[in-house]
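Here is the structure we will look at, set down as structure tokens.
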Amino acid sequence: TPTHNASLVSTGTSIQTQTQPVAVPEMGGIISITGETKYGSVLTADISGITYTPPTTSDAPTYEWYRGNTAISGANSSTYMLVQADIGETIKVRASADGTNATGSVMSGETTIVEKADGPSAPPAPTVASKTATNITLNGVVGQEYSRDNGTTWQDSPIFSELTPDTEYTFITRVKKNGDAQSFISKCRNPREYFCD
């Protein structure tokens with residue numbers, strides 16, 4: 001002031017500013033599914049498209065697989081084997097950050113509809129066990145079925161009766177499908193032609 005000098009300097013007080021909070025990385029990007037969508041196949045969660053902001057390599061994501069929109073109990077690894085309940089459904093997977101090194105989650109798109117497994121390859125052509133003027137009996141094989149009309153109708157029995165005498169018939173066989181295998185018509189490579197005498 002015009003009449004007084006400045007005072008003496010006080011003793012110092014140390015004050016520290018607050019620590020700038022470290023941003024926890026946020027998971028983003030995309031997750032995809034690789035593998036064939038058929039019963040018994042293994043699907044894999046591909047996280048190569050996942051990103052973190054800010055970047056990190058410390059996150060250990062967890063996984064949850066879904067059948068449609070319903071979480072599959074116990075399906076919590078980066079791979080998933082398709083089971084019978086998946087046939088006719090779509091599958092997707094969610095990757096979630098571990099919550100310590102990153103936060104957030106990413107859901108994949110849905111797979112195509114899960115199909116039955118492929119059936120076995122075509123068996124050898126059937127062979128004749130015996131024949132008469134109106135009956136032909138093939139050598140039966142357990143687990144196979146037979147047709148005389150090029151696969152329009154199938155029967156478990158290798159015995160064909162009420163046939164027309166002096167008529168040529170071509171017989172084919174296939175391995176019967178089960179609940180998990182793909183339905184297919186398997187034509188033998190070399191169908192055997194037989195005549196009723």
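Which condition does VAL106 not pass, out of (1) surrounded by fewer than 13 Cβ atoms within 10 Å (Cβ to Cβ); (2) touching a residue at least 60 places away in the same chain (Cβ under 8 Å), if it passes all the others?
That leaves (1) as the condition not met.
Go through the residues of region 43-54 one by one and say whether even a single one is over 19 Å from the mean Cα position of the chain (by Cα), modelled with pLDDT of 95 or more and either farther than 17 Å from ALA97 by Cα or of a type in the set (D, E, K, R) (or both).
So far as region 43-54 goes, no, none of its residues is over 19 Å from the mean Cα position of the chain (by Cα), modelled with pLDDT of 95 or more and either farther than 17 Å from ALA97 by Cα or of a type in the set (D, E, K, R) (or both).
To keep it simple, each residue is scored yes or no on (1) on the phi > 0 side of the Ramachandran plot; (2) part of a loop (DSSP other than H, G, I, E, B).
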position: THR3; (1), (2): no, yes
position: LEU8; (1), (2): no, yes
position: GLY12; (1), (2): no, yes
position: ILE15; (1), (2): no, yes
position: GLU36; (1), (2): no, yes
position: GLY40; (1), (2): yes, yes
position: LEU43; (1), (2): no, no
position: SER58; (1), (2): no, yes
position: SER73; (1), (2): no, yes
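Out of everything in region 97-122 that is part of a loop (DSSP other than H, G, I, E, B) and polar (S, T, N, Q), what residue ends up being nearest to PRO54 (Cα to Cα)? It would help to see each step written out before you state the result.
Taking region 97-122 first, the residues part of a loop (DSSP other than H, G, I, E, B) are 97-102, 104, 108-114, 116, 118-122.
This time we only want the ones that are polar (S, T, N, Q), so: 100-101, 108, 111-112, 121.
Working: THR100: 14, ASN101: 11, SER108: 22, THR111: 30, THR112: 34, SER121: 53 Å.
So, considering only residues that are part of a loop (DSSP other than H, G, I, E, B) and polar (S, T, N, Q), the one nearest to PRO54 (Cα to Cα) is ASN101.
What are the pairs with Cβ atoms under 8 angstrom where one residue, in region 71-86, is without any contact (Cβ under 8 Å) to a residue 40 or more places away in the chain and the other, located anywhere, is part of a loop (DSSP other than H, G, I, E, B)? Sequence gap at least six, or different chains.
Here the result reads SER78/ILE47; TYR80/ILE72, each pair linking region 71-86 to a residue that is part of a loop (DSSP other than H, G, I, E, B).
Looking only at region 157-171, which residues are surrounded by 11 or more Cβ atoms within 10 Å (Cβ to Cβ) and within 27 Å of SER121 (Cα to Cα)?
SER157, PRO158, ILE159, PHE160, TYR169, THR170, PHE171
Kindly check whether there is at least one residue in region 78-96 that is in a strand (DSSP E or B) and surrounded by fewer than 11 Cβ atoms within 10 Å (Cβ to Cβ).
Taking region 78-96 and keeping what is in a strand (DSSP E or B), we get 79-81, 91-96.
So of that shortlist, the ones also surrounded by fewer than 11 Cβ atoms within 10 Å (Cβ to Cβ) come out as none.
Within region 78-96, none of the residues are in a strand (DSSP E or B) and surrounded by fewer than 11 Cβ atoms within 10 Å (Cβ to Cβ).
The values are calculated or read from the model by the stated rules, or taken from the named source; none is laboratory data. Being a predicted model, the structure only gives us computed values, none of them experimental. In this analysis, Cβ positions are derived from the backbone assuming ideal geometry, glycine residues included, and neighbour counts consider all displayed protein chains.
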